[in-house]
Amino acid sequence: MKKLINNKIFLVTGSAGFVGFHIAKRLLEKGYIVHGIDLMTASYYDPFLKHSRLNVLLEYEGYHHHKIDLAESFSVKLMQKEIGHIDIIIHLAAQACVLRSFEFPNEYINDNIVAFQNILEIYSHNNSTLLMYASSSSVYGQSEEGSIIKEDKQTDLPVSIYGATKIANEAMAQSYYSYYKKPIIGLRFFKVYGPWSRPDTVFFKFVDLIYKDKPIIIHNHGNIKHSFTYIDDITDCLLKTTIEPLKQQNYSSRHPIYNFGGKSILLEECIKAIEITMGKKAIKKYVPLPKGDRWYTFADSSLAQNNLSFNPNTPIDKGIQKFVEWYTKDYISIMDINSK
Ligand SMILES: NC(=O)c1ccc[n+]([C@@H]2O[C@H](COP(=O)([O-])OP(=O)(O)OC[C@H]3O[C@@H](n4cnc5c(N)ncnc54)[C@H](O)[C@@H]3O)[C@@H](O)[C@H]2O)c1
């Protein structure tokens, strides 16, 4: 049990998810009170992993879990009444698996759009001082090879329902921002990876399959390049942004939205780093790009670097090493316990 030393109250949604777990844990380590919301459903991965993350959070005195559906406005209002005052809301709950979004579009509309509206409502009608919400690089749709993505790139050509819901989130946030004039910050994450990450993400799948001596499936015949972002680089920045008083900024007609992307790296280079770390060669199977997927992203994150001190400086081999260490030590034993 860790001692409580700080009184600021945070609401972190999706707290048993990958990103939410990391930010909630960092806040708890600093002694803050965290109310976490997560429905703990299976969707695209084994909820046992969510329960394992939650067990870590529950070790902290300052953590309070609310297993509610954010898409149900009644439950959200009731929870807000129970908690009372909230200083800062970090909204990360969503259906996050891009390729599944054409299969289950209703879930994406419900959990990404309806749920976010409920969050915007409680934020706008209480005395919280900041709302940060997860958007995604998917708002940009397909990018041309060699192009560098800045925040002002057009966002009206999504290639997935998932991307469309994140564009809708940004528009909803903007309308609440312009009406209520309360600070809101949008975070466009680019391929986040690291310990405790989602089993449906590319590095997780590769490490898992290589560990089990099974072939890895490489999309777009290997021609894939993305801005991969190490989780601690994001949580370091979010922690600073939420804890330090926000610099007094002039009210602007647009709410700030930032790219959060690491260096753009060829997937084949990442596979090499995985092979070296695991001391094992991958069995590779090359396939075309699935519909609704993207093969190239290159984030310009200089705005977040300048305004929020975002510093995506974890080298890919270091980040992959940390992930592989977690997978081989912790994840394997978590899943062993699950299978008993
Ligand atoms: N991980 C990435 O690479 C990445 C990239 C871009 C954007 N994002 C965004 O960041 C956020 C966090 O992603 P993640 O990787 O941690 O995903 P995740 O799936 O691990 O976490 C999301 C959590 O939200 C919860 N949730 C979903 N709908 C809910 C509802 N209606 N009520 C209560 N809880 C609900 C889920 O149970 C899950 O634990 C998401 O908004 C995602 O779209 C993530």
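The values are calculated or read from the model by the stated rules, or taken from the named source; none is laboratory data. It should be emphasised that the depicted structure is a prediction, and the values quoted were computed from it without experimental measurement. When we count neighbours, we look across all protein chains shown, and the Cβ atoms used for this are built from the backbone with ideal geometry, even at glycine. Note: areas computed on protein heavy atoms with side chains; ligands, DNA, RNA excluded. Shrake-Rupley method; radii C 1.70, N 1.55, O 1.52, S 1.80 Å.
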What FRET efficiency, computed as 1/(1 + (r/R0)^6) with R0 = 45 Å and r the Cβ-Cβ distance, is obtained for LYS81 and TYR211, rounded to the nearest 0.05? 0.45
For the chain, dividing by residue count, accessible area per residue (probe 1.4 Å) in Å² works out to 46 Å²
Length gained when the stretch LYS284-SER309 is fully extended (0.36 nm per residue, less Cα-Cα span): 5.2 nm
HN-Hα J couplings of segment 157-174 from phi, Karplus 6.51/-1.76/1.60, θ = phi - 60°, integer Hz, Gly and Pro as x? 10, x, 10, 9, 4, 3, x, 5, 5, 6, 5, 4, 4, 5, 5, 5, 4, 4
Any residue on another chain or 5+ positions along whose placed amide H is under 5 Å from the amide H of GLN95 is listed here as ASN112
Hand me the chymotrypsin sites (Phe, Trp or Tyr not before Pro) from segment 195-265 located in a DSSP loop with no more than 12 other Cβ atoms within 10 Å, in residue order please. TYR251
To the nearest 10 degrees, how steeply does helix 202-211 sit against the main Cα axis of the chain, on a 0 to 90 scale? 40 degrees
What ³J(HN,Hα) values, in whole Hz, does the Karplus curve 6.51 cos²θ - 1.76 cosθ + 1.60 give for segment 315-320 when θ = phi - 60°, with x put for Gly and Pro? x, 4, 5, 5, x, 5
Check LEU130: other-chain or 5+ apart residues with amide H under 5 Å from its amide H, H built from backbone geometry? ILE89
Could you pull out every residue, at least 5 positions away or on a different chain, whose amide H is within less than 5 Å of the one on ILE218? Hs are placed 1.01 Å off N in the peptide plane, and Pro or chain starts have none. LYS285, TYR286, VAL287
Would you work out the Kirkwood radius for segment 165-277? I mean one over the mean of 1/r across all pairs of different Cα atoms, in Å. 16.8 Å
How long are the semi-axes of the ellipsoid equivalent to segment 236-302, from square roots of 5 times the Cα gyration tensor eigenvalues, in whole Å, largest first? 38, 18, 9
Using a 1.4 angstrom probe on heavy atoms only, work out the carbon and sulfur share of the accessible area of the chain in %. 53 percent
Roughly speaking, what is the centre-to-centre gap between segment 303-333 and segment 162-230 when only Cα atoms are used, to the nearest Å? 14 Å
Residue-by-residue Karplus 3J(HN,Hα) for segment 265-281, coefficients 6.51, -1.76, 1.60, Hz, glycine and proline x: 9, 5, 4, 4, 5, 5, 4, 4, 4, 5, 4, 5, 5, 7, x, 8, 8
What is the extension gain from ASN127 to ASN223, computed as 0.36 nm multiplied by their sequence separation minus the C-alpha to C-alpha distance, in nm to one decimal? 29.7 nm
